[in-house]
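Participant: Have a look at this one.
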Amino acid sequence: MNYQPKKVFFGKYVFAVSEEVYEPAEDSFLLADNLLVNEGEKVLDIGTGCGILAVLAAEKASKVVAVDINPHAVVCVKKNAELNGVTAKVETRLGDLFDAIKADEKFDLILFNAPYLPSEQDEGKSWIEKAWVGGKTGRAVINRFVSKTSKYLTENGRILLTQSSLSNVEKTLERFPRYKLRAKIIGEKKLAFEKIILIEIRKKQS
């Protein structure tokens with residue numbers, strides 16, 4: 001039996017989500033609800049999944065680069081960009097975090113709905129598990145992101161990062177100043193056993 005992609009709706013937008021790709025959930029919608037893009041900005045959406053944030057950002061952005069380690073997600077984003085009429089603005093790339101980004105590329109806004117849940121050693125092997133598995137403490141991917149993101153941010157740019165209260169939000173906030181970044185919590189969503197936290201990060205002004 002052929003699998004039919006599930007349709008997810010957000011406002012006027014519709015997204016087709018295949019079974020190998022993370023379906024937008026509370027973390028995705030928390031980020032989407034707080035997504036403010038200025039006219040003409042260049043946006044990087046890491047771990048783009050089905051491309052919900054990339055498509056939303058494309059309404060005002062001059063260009064959106066949508067990156068995912070999952071090849072099924074890259075295909076999914078292309079379809080959803082076409083479905084929502086923003087193909088010309090959304091460029092998809094296959095890669096792990098910043099591996100697909102050129103050293104001299106800079107972005108006004110970087111988005112990352114991170115894999116943030118603590119996991120067992122044998123988890124994270126399937127494509128869909130890679131969307132949420134964050135290693136033993138839930139911080140494996142977050143720590144790598146924090147250490148690299150500053151160099152790809154314009155001077156007045158910002159970052160929006162989601163993570164779970166299960167993966168030590170305070171430790172994330174404490175790490176950013178090492179890279180001359182300042183971070184603050186701007187939103188949260190309470191779930192049954194955790195809170196989804198939305199963090200905004202900017203460069204420290206010298």
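Every read-out reported here was derived from the displayed coordinates using simple, explicitly stated rules and does not represent laboratory data. If you're wondering where the values come from, they're calculated on a predicted model, not measured in any experiment. Please note: Cβ atoms are built from the backbone with ideal geometry, for glycine as well, and neighbour counts cover all protein chains shown.
Participant: In a solvent-free Debye calculation with one equal scatterer on each Cα, what is log10 I(q)/I(0) for the stretch 21-72 at q = 0.16, 0.18, 0.29 Å⁻¹, listed in the order of the q values?
Facilitator: Here log10 of I(q) over I(0) equals -0.43, -0.54, -1.17.
Participant: Using +1 at the Cβ of each Lys and Arg and -1 at the Cβ of each Asp and Glu in the stretch 6-203, identify which of L30, I46, N143 lies farthest towards the dipole's positive end.
Facilitator: Of the options given, the answer is N143.
Participant: Kindly state, to the nearest 0.05, the FRET efficiency for S62 paired with R202, given R0 = 22 Å and r defined as their beta-carbon distance.
Facilitator: Efficiency for this residue pair is about 0.60.
Participant: Which ³J(HN,Hα) values, rounded to whole Hz and listed in residue order, are derived for the stretch 94-107 from phi using the Karplus coefficients 6.51, -1.76 and 1.60 in 6.51 cos²θ - 1.76 cosθ + 1.60 with θ = phi - 60°, glycine and proline given as x?
Facilitator: Coupling constants for the stretch 94-107: 8, x, 9, 6, 9, 4, 8, 9, 6, 4, 9, 7, 10, 10 Hz.
Participant: Also: Could you compute Rg(Cα) / (2.2 N^0.38 Å) for the chain, with N its residue count?
Facilitator: Compactness ratio reported: 0.96.
Participant: Could you tell me what percent of the DSSP beta bridges with both partners in the chain are antiparallel, to the nearest 5?
Facilitator: That works out to approximately 50 percent antiparallel.
Participant: In percent, what relative contact order does the stretch 6-203 have, based on Cα pairs under 8 Å that are 6 or more apart in sequence?
Facilitator: It rounds to 18 percent for the stretch 6-203.
Participant: Mind checking the stretch 1-84 for chymotrypsin sites (Phe, Trp or Tyr not before Pro) that DSSP puts in a loop (not H, G, I, E or B) and that have at most 12 other Cβ atoms within 10 Å?
Facilitator: Those satisfying the criteria are Y3.
Participant: Next question. Suppose every Lys and Arg Cβ carries +1 and every Asp and Glu Cβ carries -1, with no other charges. What dipole size does the stretch 6-203 come out with about its Cα centre, to the nearest 20 debye?
Facilitator: Here the size comes out at about 620 debye.
Participant: List, in the order given, every pair from K63/K102; K12/K42; K7/K79; K148/K171 whose Cα-Cα distance in the structure shown is over 18 Å.
Facilitator: Correct reply: K12/K42.
Participant: How about the stretch 50-150: which trypsin sites (Lys or Arg not before Pro) there are in a DSSP loop, with at most 11 other Cβ atoms within 10 Å of their Cβ?
Facilitator: K102, K125, K136
Participant: Another one. Based on the Cβ-Cβ distance from E23 to K78, what FRET efficiency comes out when R0 is 22 Å, to the nearest 0.05?
Facilitator: With a Förster radius of 22 Å, E is 0.80.
Participant: For the stretch 8-50, what is the charge dipole size about the Cα centre, in debye to the nearest 20, if Lys and Arg each add +1 at the Cβ and Asp and Glu each add -1 at the Cβ?
Facilitator: Here the stretch 8-50 has a charge dipole of around 180 debye.
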